[in-house]
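Below: one structure, written as structure tokens.
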Amino acid sequence: MRVTVREIAEQAGVSPATVSLVINNKKGVSEKTRQRVRLVLEKNNYQVRYNKRQKNQYRLMLFKYRSHGMAVEENQGFIASIIDQIEQRCRRLSFNLVTHNCDAKHASAAINEVNLSPPDGVIVIGTELTQEDDWVLETLAAPLVVLDNSMRYSHWDSVVMDNESIMDEAVRHLYDLGHRHIDYFKSHSQISNLDERYEGYQKTMRELNLPVPPPIMLAPTINGAFGDMKRHIRQGEYVPKGAAVAENDSIAIGAAKAIQEAGYSIPEDVSLIGVDDIPYSAVMEPPLSTLRISRIALGTLAVDLMHKRMQNPQWPTMRVRIAGELIHRSSTNVPNGVREV
């Protein structure tokens, strides 16, 4: 049975941050406390390799967690471009960065391997983390920042897009064009960011006194959304009309292809907007309106927040939210038959 850092802390009568300092052989802990924590670690067979690092040379780990892979691996380079920014920021700060891939089935083994030689800090790609996965974070023996998940029900530092405000801007864009019927293309896979976007959509629709129709459930990938939307249209479960917000660009692009193949036009029959501004969104026909999320900001701020946490382990939980930028392209327009003023 795995023992978490929090359980070690409770047995030793110290904070989890103190256990992390001991595990990572850092200053800020008295020798008496350090020995007490080490005894508890040994009692629980918690294997730690006490490595020393060069002065001012931090070793960071990028821990890429996958549950189903639909958001981490198949979102058309969105996560990959954030990782590029993390690598660039680490080079600029002279941090050593290593990457560790982890899938849910083999998480225990992966974490044990990491804890044998714990880094100074861990940036967790948390796109597919759920509340049930909290044990993964509890067991990692290092300070950490969760990227791409708000962790609003947990105590971990996080950097994430401001999903509710992003969806608010998407809905209001369609409303300002004159649309009063706005459907929602929702992922059928549980992903924290997408759940928050749906909450934002519902909130704004109610604020605008608009009816909230049942969501159209689609896979969160281009091919998956295409197949699901074809079935919805064929079975009469969805008739393209008015406008629609998609939870991400992959869903929007797949759905748009199916809508067009069924003989409907965008934006004449339905105005469509997505979120993320992946490369395909600008080259599809018609080009997709979307909310652009800054990968530079997400990657850079994740490293900077990790740096602050390593320097100040006793600070309260820090959460950073990043707003989106509306990119108006040809997939959204005034309702059919309404002249634009």
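The values are calculated or read from the model by the stated rules, or taken from the named source; none is laboratory data. Keep in mind it's a predicted model, so treat the numbers as computed, not measured. Methodologically, a virtual Cβ is constructed for each residue, glycine included, from the backbone with ideal geometry; neighbour enumeration extends over all protein chains shown.
Can you tell me how many residues within segment 77-101 are in contact with a strand residue (DSSP E or B) (Cβ under 7 Å, 6 or more places away or on another chain) and either without any contact (Cβ under 8 Å) to a residue 40 or more places away in the chain or more than 16 Å from residue 127 (Cα to Cα) (or both)?
The total comes to 9.
Report, by residue number, each residue of segment 222-254 that is of a type in the set (Asp, Glu), more than 24 Å from residue 328 (Cα to Cα) and outside any helix (DSSP H, G or I).
Of everything in segment 222-254, just one residue is of a type in the set (Asp, Glu), more than 24 Å from residue 328 (Cα to Cα) and outside any helix (DSSP H, G or I), namely 237.
For segment 182-212: of the residues being touching a residue at least 40 places away in the same chain (Cβ under 8 Å) and part of a helix (DSSP H, G or I), which is nearest to residue 254 (Cα to Cα)?
Ranking the qualifying residues of segment 182-212, first place goes to 194.
Report, ordered by the first and then the second residue, all pairs with beta carbons closer than 7 Å, sequence separation of six or more or different chains, a first member in segment 36-60 that is over 30 Å from residue 94 (Cα atoms), and a second member that is small (Gly, Ala, Ser) and modelled with pLDDT of 60 or more.
Matching pairs, first to second residue: 36/12; 37/12; 40/12.
Looking at segment 213-222, which of the residues that are over 21 Å from the mean Cα position of the chain (by Cα) and surrounded by 17 or more Cβ atoms within 10 Å (Cβ to Cβ) is nearest to residue 253 (Cα to Cα)?
Ranking the candidates gives 216 first.
Taking the residues in segment 305-319 that are part of a helix (DSSP H, G or I) and within 17 Å of the chain's Cα centre (by Cα) as candidates, determine which candidate is surrounded by the most Cβ atoms within 10 Å (Cβ to Cβ).
Looking at the filtered set, the residue picked out is 306.
Considering only residues that are charged (D, E, K, R) and either more than 16 Å from residue 171 (Cβ to Cβ) or not assigned by TED's automatic domain parsing to the domain that holds residue 217 (or both), which ones fall in segment 232-259?
Matches in segment 232-259: 234, 237, 241, 249, 257.
Could you check how many residues of segment 173-200 are out of contact with any strand residue (DSSP E or B) (no Cβ under 8 Å at 6 or more places or on another chain), modelled with pLDDT under 95 and over 19 Å from residue 126 (Cβ atoms)?
Of the residues in segment 173-200, 0 are out of contact with any strand residue (DSSP E or B) (no Cβ under 8 Å at 6 or more places or on another chain), modelled with pLDDT under 95 and over 19 Å from residue 126 (Cβ atoms).
So if I check each of 300, 290, which one is surrounded by 19 or more Cβ atoms within 10 Å (Cβ to Cβ) and either in a loop (DSSP other than H, G, I, E, B) or modelled with pLDDT of 95 or more (or both)? Can you show your working first?
Values: 300 fails: surrounded by 19 or more Cβ atoms within 10 Å (Cβ to Cβ).
Among 300, 290, only 290 is surrounded by 19 or more Cβ atoms within 10 Å (Cβ to Cβ) and either in a loop (DSSP other than H, G, I, E, B) or modelled with pLDDT of 95 or more (or both).
Of the residues that make up segment 228-236, is at least one hydrophobic (A, V, I, L, M, F, W, C) and buried (at least 24 other Cβ atoms within 10 Å of the Cβ)?
Checked against the condition, which is being hydrophobic (A, V, I, L, M, F, W, C) and buried (at least 24 other Cβ atoms within 10 Å of the Cβ), segment 228-236 yields at least one hit.
Just need a number here: residues in segment 8-59 that are modelled with pLDDT of 80 or more, surrounded by fewer than 18 Cβ atoms within 10 Å (Cβ to Cβ) and either assigned to a loop (DSSP other than H, G, I, E, B) or not assigned by TED's automatic domain parsing to the domain that holds residue 107 (or both).
Count: 5.
Can you give me the number of residues within segment 128-139 that are surrounded by 23 or more Cβ atoms within 10 Å (Cβ to Cβ) and not in a helix (DSSP H, G or I)?
So the count comes out to 2.
Scanning for something out of contact with any helix residue (DSSP H, G or I) (no Cβ under 9 Å at 6 or more places or on another chain), of a type in the set (Ser, Thr, Tyr) and either crowded, with 20+ Cβ neighbours inside 10 Å or in contact (Cβ under 8 Å) with a residue 24 or more places away in the chain (or both), does segment 115-124 turn up at least one residue?
Yes: one or more hits.
Given (1) of a type in the set (A, V, I, L, M); (2) modelled with pLDDT under 95; (3) not assigned by TED's automatic domain parsing to the domain that holds residue 81, identify the lone condition not met by residue 310.
Among (1) of a type in the set (A, V, I, L, M); (2) modelled with pLDDT under 95; (3) not assigned by TED's automatic domain parsing to the domain that holds residue 81, residue 310 violates only (3).
Yes/no per residue for (1) modelled with pLDDT under 95; (2) crowded, with 23+ Cβ neighbours inside 10 Å; (3) not β-branched (Val, Ile, Thr):
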residue	(1), (2), (3)
126	yes, yes, yes
145	no, yes, no
162	no, no, yes
168	no, no, yes
